[in-house]
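Written below as structure tokens is the structure these notes are about.
Bear in mind that the values in this text are calculations on the coordinates, not laboratory data. Worth saying up front: this structure is predicted, and the values here are computed from it rather than measured. Counting neighbours? That spans all protein chains shown, and the Cβs are built from the backbone with ideal geometry, glycine included.
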């Protein structure tokens, strides 16, 4: 879609060996002026770069004009963070709800949503105040929710937790065990 709607449409009147770095830069400016984001134009840049690299390998062009082109910088949006008071107010609002533990872990550990949802009690080392990330819960089309191993070695890690988090987790585990025993 990007190639057909944007790249081919823009460069359709030029032969591949006639496209210059100036043409590529002009393309980026035109796309910016049309309201496209820097991130989207960066995707187009990457596609153009791959295409021209292949054209060089096939001897269709001598040099890749995209190499010296300057795509727009991707503006990273400022993330809004809560104050300590806001975090405490939020945690008090969800206290003893089914959402308390997932949000508590996300806030205090920085774990990703799938990592939090993929935790099992075996992953929590109460004595050493650590949580081991061994799996992630994710949605796979056609299969539903499944556990997956983390994608990289860096993702498999241990996270230190505070005594407060240990205490809340212990209380939650006891509550779960009580509910299990009394639901039989």
The range 84-182: relative contact order as a whole-number percent, Cα under 8 Å and 6+ apart:
22 percent
Protection proxy ranking of 89-96, 115-122 - average other beta-carbon atoms within 10 Å, highest first:
115-122, 89-96
When you have a sec, figure out the Kirkwood radius of the range 2-57 from all distinct Cα pair distances and drop it here in Å to one decimal?
11.6 Å
Just to confirm my numbers, what's the Cα centroid distance between the range 67-130 and the range 1-35 in Å?
41 Å
Relative packing of peptides 152-160, 137-145 - highest average C-beta neighbours within 10 Å first
152-160, 137-145
Mean separation of Cα contacts under 8 Å, 6 or more apart, over the residue count of the chain: relative contact order %:
14 percent
Label-point gap, in nm, between residue 99 and residue 7 - each point 7 angstrom along Cα→Cβ
4.3 nm
Tell me the label-point distance for the pair residue 174, residue 22, using the 7 Å Cα-to-Cβ offset, in nm and rounded to one decimal.
7.7 nm
Residue 125/residue 70 FRET efficiency (R0 41 Å; Cβ-Cβ; nearest 0.05):
0.25
Note to self, the chain gives a 222 nm [θ] from helices alone (DSSP H runs n ≥ 4, -39500 (n - 2.57) apiece, / all residues, nearest 500) of -13500 deg cm²/dmol
Convex hull projection area averaged over all views, the range 23-120, Cα basis, nm²:
11.0 nm²
Taking the Kirkwood radius as the inverse of the mean 1/r across Cα pairs, report the Rg/Rh of the range 73-184.
1.01
